[in-house]
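Colleague: Once you've had a glance at the structure underneath, I'll fire off some questions.
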Amino acid sequence: MGIKVAKFGGTSLADASAFRRVRDILLSDPARRYVVPSAPGKRHPEDAKVTDLLYQCFKLAQRKE
């Protein structure tokens, strides 16, 4: 079997215990050689999603704010 690429984001990167689960997944298969992280998820209901914050930044930049 060849090299595998694994992508993780959202709730799978939301906190330290989630990162440990990702680590265990990666270490369970030596073919998983590359990891692509995306925006982390919310830890608490009051947290803002990183993706939403990036959209807000883009809108502000468009308005030169």
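The values are calculated or read from the model by the stated rules, or taken from the named source; none is laboratory data. Quantities reported herein were computed from a predicted structural model and do not represent experimental measurements. Using ideal geometry, Cβ is built from the backbone for each residue, glycine included, and neighbour counts are taken over all protein chains shown. Just so you know, the surface numbers come from the protein's heavy atoms only, side chains and all, with ligands and any DNA or RNA stripped out. Shrake-Rupley method; radii C 1.70, N 1.55, O 1.52, S 1.80 Å.
Colleague: Please go through region 11-21 and pick out each residue that is part of a helix (DSSP H, G or I) and either surrounded by fewer than 10 Cβ atoms within 10 Å (Cβ to Cβ) or not small (Gly, Ala, Ser) (or both).
Modeller: Result: 11, 13, 16, 17, 19, 20, 21.
Colleague: Please work out which residue is least open to solvent (accessible area, probe 1.4 Å), limiting yourself to region 32-65 and to residues that are part of a helix (DSSP H, G or I) and among the hydroxyl-bearing types (Ser, Thr, Tyr).
Modeller: Ranking the candidates gives 51 first.
Colleague: Ok, one more. Considering 29, 24, which residue is exposed (fewer than 12 other Cβ atoms within 10 Å of the Cβ), within 22 Å of residue 7 (Cβ to Cβ), under 17 Å from the mean Cα position of the chain (by Cα) and of a type in the set (Asp, Glu)?
Modeller: The conditions single out 24.
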